[in-house]
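What follows is a single structure, written as structure tokens, with notes after it.
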Amino acid sequence: MERAVYTIGHSNHALTRFLQLLRVHRIDAIGDVRSAPYSRRHPWFGREALQRSLHAHGIAYVFLGASLGARPSDPECTSDGRVSFARLAETPTFRAGLDRVLRGSASHRLALLCAEKEPLHCHRAILVSRALARRGARILHILGDGSLERHEESERRLLALVGLSQGELFEPPEALLARAYDLQGTRIAWVRPLPSPPDSAG
């Protein structure tokens, strides 16, 4: 049976607006896929504060950033310091996270939470939603204005975003879309900070 999974970015929403978006779409569970679930500018979206607010409104919260976050601790998931979404998607930890989402979506109206307003600028669409769709899930992105966008529509926008909307004469649509994912994944992937040089002041 096809299972629906929603996604949402908290962006700079006020807490009341964010809760309204969840209520409009009848979301009763949040899966937080942020690796670092805190915001200096918007502290109400910090992990503990958000969990309290959600629970007060009858919405379950689970932290999934350790398995589905975009900043893995495993150095094997990086290439030249940049996270490789392709490598990350193949890890047992990531796959276990997908399993958990699919199980949760069977009993809850579940939305995956990250920070970015635009799904195409976020790993929740370029990495996690892509993998879930491959496993048969129906993905619906809650946009900043409250409207819903099917992931298939997001993919069409993705092709245009990376300049591949016209297609290539001899390239199958599946290969073209895969190339678009790879291009955008490279653009938005986290780059591990270089270690600070040793202090040579004395």
> What are the residue pairs meeting all of these: first residue in the range 146-158, first residue under 21 Å from Asp182 (Cβ atoms), second residue outside any helix (DSSP H, G or I) and of a type in the set (Lys, Arg), Cβ atoms under 9 Å, and 6 or more apart or on different chains?
Replying inline: His151/Arg138
> Among the residues of the range 135-150, is there at least one that is part of a helix (DSSP H, G or I) and either modelled with pLDDT of 95 or more or of a type in the set (Phe, Trp, Tyr) (or both)?
Replying inline: no
>> With the requirement that a residue be within 16 Å of Ser129 (Cα to Cα) and part of a loop (DSSP other than H, G, I, E, B), what does the range 39-83 give you?
In response: Leu64, Gly69, Ala70
> Among (1) surrounded by fewer than 18 Cβ atoms within 10 Å (Cβ to Cβ); (2) touching a His at 6+ places or on another chain (Cβ under 9 Å); (3) basic (Lys, Arg), which single condition is Arg135 missing?
Replying inline: (2)
>> Which pairs turn up if I take residues in the range 73-84 that are touching a residue at least 40 places away in the same chain (Cβ under 8 Å) and look for partners that are in a strand (DSSP E or B) with beta carbon separation below 6 Å, at least 6 apart in sequence or on another chain?
In response: Gly81/Val191; Arg82/Val191
> Mind checking which residues of the range 39-66 are surrounded by fewer than 20 Cβ atoms within 10 Å (Cβ to Cβ), modelled with pLDDT of 95 or more and touching a helix residue (DSSP H, G or I) at 6+ places or on another chain (Cβ under 8 Å)?
Replying inline: Pro43, Trp44, Ala49, Ser53, His57, Ala60, Tyr61, Val62, Phe63, Ala66
> Among Ser53, Ser67, Ser79, which is the only one that is within 19 Å of the chain's Cα centre (by Cα) and polar (S, T, N, Q)?
Replying inline: Ser67
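The values are calculated or read from the model by the stated rules, or taken from the named source; none is laboratory data. Just so we're clear, the structure is a prediction, and the values are computed from it rather than from any experiment. All Cβ positions, glycine included, derive from the backbone under ideal geometry; neighbour counts span all protein chains shown.
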